[in-house]
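What follows is a single structure, written as structure tokens, with notes after it.
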Amino acid sequence: MLALPALRWSDADLARHRHHHHRFDTAPVRPGAEMEVSRGCPYHCTFCAKDNFRDDYRKRPLTVVLEEIDAFAAQGVEYIYFIDEIFLPNRELLEGLAERPIVFGIQTRIDLWTTAMLDLLGRAGCVSIEAGVESITVEGRNLLDKGSRLTTEQLAERLIHAKGGVPFVQANLLESGTDDPAEVEAWRTHLRQFGVWANKPVPMFPYPGSPGYAKRWGAPDDRAWERAMEHYLAQFDKFSDIQEARPRALSDLELQHVDSR
Ligand code: SF4
């Protein structure tokens, strides 16, 4: 990561990039972009596909990151989505972002942010937070090896505090198998009153490269993705409150691809 220079993109490439990933506060006017400040994550949640390439946490130098952001701003980009596995609190970066005409979205863990740092995050221009909470019980979070230090009530307080300075705040929930559906609905309703969206718990996909996959089937082999998908489709018939279609098995898709050639 230290050796990577600031990336540069042609004006034409950027002009074609109209999409603002995971942004809901307003419609895009000028181009969006994606970039990374860091790679990897120091945590080891069971469901996270991080083992293969995104395990150890490492950061790019601040000067290089700011150079890349400045180039985006000079080329008319108005929104950056940071594709970091986990966007950790970083005062120098946030202060640098606050001085620049860019807004941005992140994925993070809300338990790592103090209220003061959340305020700085909002001032820096963050307009979208996706925060992995996963389960509304300590047992559920422990089962997923989330390693969270806060209670569910404290997590809710942090999410609600974040919403004071960031237009879109989402708490991600997973189907951990331990949470009472009525309590989950009550928690979602509570957050919604403060403008925070918690999705209906989504079924867990056993990603090859996740600790959960390795525990169930060992190291991924050539059939790892087919195996994971078959398991997922056999286990669940509902997938997410924003996804109505049922995914198809990889073997079906591959057959269709062969037929269409
Ligand atoms: S889910 Fe988030 S916190 Fe957990 S290992 Fe993956 S990136 Fe890290």
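Taking only DSSP H segments of four or more residues, each worth -39500 (n - 2.57), what value at 222 nm results for the chain once the sum is divided by all its residues, to the nearest 500 deg cm²/dmol?
Dividing the helical sum by the residues of the chain leaves -11000 deg cm²/dmol.
In a GNM of the chain with a 10 Å cut-off on Cα contacts, which of Thr189, Thr178, Thr26 has the highest mean-square fluctuation?
Thr26
I need to check one value: relative contact order of the stretch 44-189, counting alpha carbon pairs closer than 8 Å and at least 6 residues apart, in percent. Kindly include the intermediate steps, with their values, before the conclusion.
Details: 195 pairs, mean separation 33.5, N = 146.
Relative contact order, the stretch 44-189: 23 percent.
Given the options Leu250, Leu93, Leu118, state which has the largest fluctuation in a GNM of the chain using a 10 Å cut-off (strictly under) for Cα springs.
With Cα springs under 10 Å in the chain, the top fluctuation among Leu250, Leu93, Leu118 is at Leu250.
Rank Pro206, Pro220, Pro167 by mean-square fluctuation in a GNM of the chain with C-alpha springs under 10 angstrom and give only the top-ranked residue.
Pro220
When only C-alpha pairs under 8 Å and at least 6 residues apart count, what is the relative contact order of the chain, in percent?
16 percent
Leaving out ligands, DNA and RNA, what percent of the accessible area of the chain is carbon and sulfur, probe 1.4 Å?
So the carbon and sulfur contribution to the accessible surface is 54 percent.
Checking the cross-link filter: which lysines have an alpha carbon closer than 30 Å to that of Lys238, excluding same-chain neighbours under 8 positions apart?
Excluding near neighbours in sequence, the set is Lys50, Lys146, Lys163, Lys200, Lys215.
How big is the Kirkwood radius of the stretch 150-261, worked out from every pair of different alpha carbons and given in Å to one decimal? Walk me through the numbers on the way to the answer.
Working: mean 1/r = 0.0600 Å⁻¹.
For the stretch 150-261, the Kirkwood estimate is 16.7 Å.
Taking R0 as 25 Å, what's the FRET efficiency between Arg8 and Asn52 from their Cβ-Cβ distance, rounded to 0.05? Numbers along the way, then the final one.
Values: r = 28 Å, r/R0 = 1.12.
E(calc), rounded to 0.05, equals 0.35.
Where does each of 103-109, 50-56 land if you order them by average Cβ count within 10 Å, highest first?
Final packing ranking: 103-109, 50-56.
Quickly work out the Thr26-to-Val138 label distance, labels modelled 7 Å from Cα along the C-beta direction, and quote it in nm with one decimal.
The two pseudo-label positions are separated by 4.3 nm.
If you count only protein heavy atoms with a 1.4 Å probe, what accessible area per residue comes out for the chain, rounded to a whole Å²?
52 Å²
Using a 4.7 Å Cβ cut-off, which Cys residues in the chain lack a partner cysteine?
If one checks each Cβ against the other cysteines of the chain, Cys41, Cys126 turn up with nothing under 4.7 Å.
Taking the Cα centre as origin and putting +1 on Lys and Arg beta-carbons and -1 on Asp and Glu beta-carbons, what dipole magnitude results for the chain, to the nearest 20 debye?
About 240 debye.
Mind pulling up the Rg/Rh value for the chain? Radius of gyration and Kirkwood radius, both on Cα.
On the Cα set of the chain, Rg over Rh gives 0.98.
Express in nm, to one decimal, how much length is gained between Phe194 and Leu255 on full extension, taking 0.36 nm for each residue of separation and deducting their alpha carbon distance.
Separation in residues times 0.36 nm, less the Cα-Cα distance, equals 17.2 nm.
Multiply the residue separation of Ile242 and Glu34 by 0.36 nm, subtract the distance between their alpha-carbon atoms, and state the gained length in nm to one decimal.
Stretched out fully, the Ile242 to Glu34 stretch lengthens by 72.6 nm.
At 7 Å along Cα-to-Cβ for each site, give me the label-to-label distance between Ala116 and Glu153 in nm.
2.5 nm
Name the trypsin sites (Lys or Arg not before Pro) in the stretch 212-259 that are in a loop by DSSP and that have at most 16 other C-beta atoms within 10 Å, would you? Kindly include the intermediate steps, with their values, before the conclusion.
Numbers: sites: Lys215, Arg216, Arg223, Arg227, Lys238, Arg248; in loops: Arg223, Lys238, Arg248.
Sparse-neighbourhood loop trypsin sites (Lys or Arg not before Pro): Arg223, Lys238, Arg248.
Specify the longest stretch of the chain that does not include any exposed loop site, a site being one of the GluC sites (Glu not before Pro) with a non-H, G, I, E, B DSSP assignment and at most 16 other Cβ atoms within 10 Å.
Details: sites that count: Glu99, Glu244.
Between the exposed loop sites, the longest stretch runs 100-243.
Considering the convex hull of the alpha carbon atoms of the stretch 122-195, report its projected area averaged over all viewing directions, in nm², one decimal. Let's see the in-between values first.
On the way: hull surface 19.2 nm².
The number I arrive at for the stretch 122-195 is 4.8 nm².
The values are calculated or read from the model by the stated rules, or taken from the named source; none is laboratory data. Since the structure is predicted, the reported quantities are computational estimates derived from the model, not experimental observations. We place every Cβ from the backbone using ideal geometry, glycine too, and count neighbours over all the protein chains shown. The protein model used for the area step is the full one, side chains on, heavy atoms only, and it has no ligands, DNA or RNA in it. Shrake-Rupley method; radii C 1.70, N 1.55, O 1.52, S 1.80 Å.
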